[in-house]
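Comments concern the structure below.
The values are calculated or read from the model by the stated rules, or taken from the named source; none is laboratory data. Because the structure is a prediction, the values reported are computed rather than measured. No Cβ is skipped: glycine too gets one built from the backbone with ideal geometry, and neighbour counts run over all protein chains shown. These area figures cover heavy atoms from the full protein model, side chains too; ligands, DNA and RNA do not enter into them. Shrake-Rupley method; radii C 1.70, N 1.55, O 1.52, S 1.80 Å.
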Amino acid sequence: MDLLRSLLFLPASNPRAVEKARGLACDLVVLDLEDAVAPDAKAAARNAAVEAIQAGGFTAPVAVRVNALGTEWGEADLEALADLPLAWIVAPKVDDPGAVDAYEARMPADAGLIAMIETPASVLNLRAISAAGGPLKALMLGVNDLSSSLGTGPSPDREPLKVWMAATVAAARAHDLLAIDGVFNRLDDPEGFAAECAQGRLFGFDGKSLIHPNQIDAAHAAFSPTPAEISAAQAVVDAFAAPDAAGQGAIRVNGAMAERLHLDRAKALLARAAACR
């Protein structure tokens, strides 16, 4: 499974931002053709994205968020990207599994698909969307669009969205997909960003969408195992490897009961820690 703790979105139409992104240590650079680009700049942004990908030089893998199929720009976006070496396509407003099939028929053969869950139809169709298969490798909660379409009020802890946060993670886990949390809009609130990252990790998300390079380090800290978590996981693995644990379904580790499911989770955490290094 790919490591996607930090997905940095930037307008493909901003050459300065694109150039800076080449040296950034995020897990994925997302060249945006959708919300960050005005309608009259869509074609120019598409051309700029193609040129940037062809030029290469990015430290991180590169994705493109295209305009949705069904808009006047979506088909042209995917046609322009079809033969480029892209890691991912980010598909906005995926309302049903048929949209996944439509993207699969048009996107680069080796790219993974990140489906954005950001409409009432998306959240009501989570089970079917997550089971669509094909190139689908991740679900991303689009918190701004979802909040707008639901008409939710402001909340510092995202109270109106918690049910859909949990549902997105559950749908992802049911089909071995990554679950990516949405953006944090305030650029001058590092404490708030860190708190929201911690909340996302608590809910089970694998990483977060970012809108500024100054959010990368905090996202990596939040979505990487801590030294304490690594130590605890290693203790579980070591305890089950001991001769007297052979054949045991549950054992005592540091004063707590550990079952085989805890062993599996400990191994997964250690594997993630190794990937983060």
Notebook entry, point to check: Label points 7 Å out from Cα along the Cβ direction at HIS175 and ASP244: separation in nm?
Noted result: 4.7
Checklist line | Computed over region 182-277: relative contact order in percent, which uses C-alpha pairs under 8 Å that are six or more apart | finding: 24
Notebook entry, point to check: Carbon and sulfur: what percent of region 226-277's accessible surface (1.4 Å probe)?
Noted result: 57
Note to self: Can you tell me how region 1-100 classifies by the Cα gyration tensor, rounded, prolate or oblate, using a/c under 1.5 as the rounded cut?
What the structure shows: oblate
Item checked: When each of LYS20/LYS93; LYS20/LYS162; LYS93/LYS267; LYS93/LYS162; LYS20/LYS137; LYS42/LYS93 is checked by Cα-Cα distance, pairs over 25 Å -> LYS20/LYS93; LYS20/LYS162; LYS93/LYS267; LYS20/LYS137
Notebook entry, point to check: What residues qualify as long-range amide H neighbours of GLY112, i.e. H under 5 Å apart, gap of 5 or more or another chain, H built at 1.01 Å from N?
Noted result: TRP88, ILE89
Note to self: Can you order the peptides 148-158, 43-53, 166-176 by their average number of other Cβ atoms within 10 Å per residue, highest first?
What the structure shows: 43-53, 166-176, 148-158
Next item on the list: For the chain, give the magnitude of the charge dipole about the Cα centre (Cβ charges: +1 Lys/Arg, -1 Asp/Glu; no others), in debye to the nearest 20.
Entry: 700
Checklist line | Mean Cα-pair separation over length for the chain, i.e. relative contact order, pairs under 8 Å, 6 or more apart, % | finding: 15
Next item on the list: Could you work out how far the C-alpha centroid of region 88-107 sits from that of region 183-257, in angstrom?
Entry: 30
Checklist line | Under the Karplus curve 6.51 cos²θ - 1.76 cosθ + 1.60, θ = phi - 60°, whole-Hz ³J(HN,Hα) for region 229-234, x wherever Gly or Pro sits | finding: 5, 5, 4, 5, 5, 4
Next item on the list: Figure the gain on full extension for ARG252 and ASP101 (residue separation times 0.36 nm, minus the Cα-Cα span) and round it to one decimal in nm.
Entry: 49.6 nm
Item checked: Note, ³J(HN,Hα) from phi for region 75-90, Karplus 6.51, -1.76, 1.60, rounded to Hz, x at Gly and Pro -> 4, 5, 4, 5, 5, 5, 9, 4, 10, 9, x, 9, 6, 9, 10, 9
Check: Pick from PRO108, PRO225, PRO135: which is most flexible by mean-square fluctuation in a GNM of the chain where alpha carbon atoms under 10 Å apart are linked?
Finding: PRO225
